[in-house]
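Inspection log for the structure reproduced underneath, given as structure tokens.
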Amino acid sequence: MIVKSGSAHWEGPIRDGKGKISTQSGALTDQPYGFNTRFEDKPGTNPEELIAAAHAACFSMALSKGLEDAGVTGVTIDTQAKVSMDKDDKGFTIKSSILHVTVKGQGDETAIRQAADAAKAGCPVSRVLSCEVGMDLTIA
């Protein structure tokens, strides 16, 4: 079993408080976050963009494996995940993560599309999300 960790430290009330996020690897160390970075587009990070980055990275790795298995060569993959959050009767909820993907490579276009669909459904981050996972695929 693989176990990875992240941590957060928070001080103060929700609107004026400040937090710091760190990852086990050190890729993020005491990265600031808070109400203003989450809801007001101020500098710093927020949980939704971290989920989006994780989803884009996980999907791209899964797609790379699928394309390799399908015999597609010369592969480059550019993925952006857009995570949307909205308020409903239970509070704020992540509603979707839409993958915008551009694939370049030599191989059968049908195989590329099948590999992308399989990666969208099967990558570990897609599988943990309980929201809509969509995809917009461009084969360049």
Go through region 94-122 and report how many residues are over 26 Å from Arg38 (Cα atoms), open to solvent by less than 30 Å² (accessible area, probe 1.4 Å) and either hydroxyl-bearing (Ser, Thr, Tyr) or outside any helix (DSSP H, G or I) (or both). 2
State whether the residues of region 38-50 include one that is under 19 Å from the mean Cα position of the chain (by Cα), within 28 Å of His9 (Cα to Cα) and among the aromatic types (Phe, Trp, Tyr). yes
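Matching residues to (1) touching a Pro at 6+ places or on another chain (Cβ under 6 Å); (2) among the β-branched types (Val, Ile, Thr); (3) over 16 Å from Lys120 (Cβ atoms):
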position	(1), (2), (3)
Met1	no, no, yes
His9	no, no, yes
Arg15	no, no, yes
Gly19	no, no, yes
Asp30	no, no, yes
Tyr33	no, no, yes
Lys42	no, no, yes
Leu67	no, no, no
Thr73	no, yes, yes
Could you tell me whether any residue of region 125-136 is more than 30 Å from Phe35 (Cβ to Cβ) and in contact (Cβ under 8 Å) with a residue 24 or more places away in the chain? yes
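Of all residues being part of a loop (DSSP other than H, G, I, E, B) and either open to solvent by less than 70 Å² (accessible area, probe 1.4 Å) or in contact (Cβ under 8 Å) with a residue 24 or more places away in the chain (or both) in region 2-37, which is nearest to Glu48 (Cα to Cα)? Just the residue, please.
So the first thing to find is which residues in region 2-37 are part of a loop (DSSP other than H, G, I, E, B), and the list is 2-5, 12-17, 24-30, 34.
Checking the rest, the ones that are also either open to solvent by less than 70 Å² (accessible area, probe 1.4 Å) or in contact (Cβ under 8 Å) with a residue 24 or more places away in the chain (or both) come to 5, 12, 17, 26, 28, 34.
Values: Ser5: 17, Gly12: 21, Gly17: 18, Gly26: 19, Leu28: 15, Gly34: 12 Å.
Per the stated criteria, the residue is Gly34.
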In region 66-80, which residue that is touching a helix residue (DSSP H, G or I) at 6+ places or on another chain (Cβ under 8 Å) and assigned to a helix (DSSP H, G or I) is surrounded by the fewest Cβ atoms within 10 Å (Cβ to Cβ)? Asp69
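The values are calculated or read from the model by the stated rules, or taken from the named source; none is laboratory data. Being a predicted model, the structure only gives us computed values, none of them experimental. Glycine gets a Cβ as well: all are built from the backbone with ideal geometry, and neighbour counts include every protein chain shown. Each accessible area value is taken on the protein alone, full model and side chains, heavy atoms only, with ligands, DNA and RNA left out. Shrake-Rupley method; radii C 1.70, N 1.55, O 1.52, S 1.80 Å.
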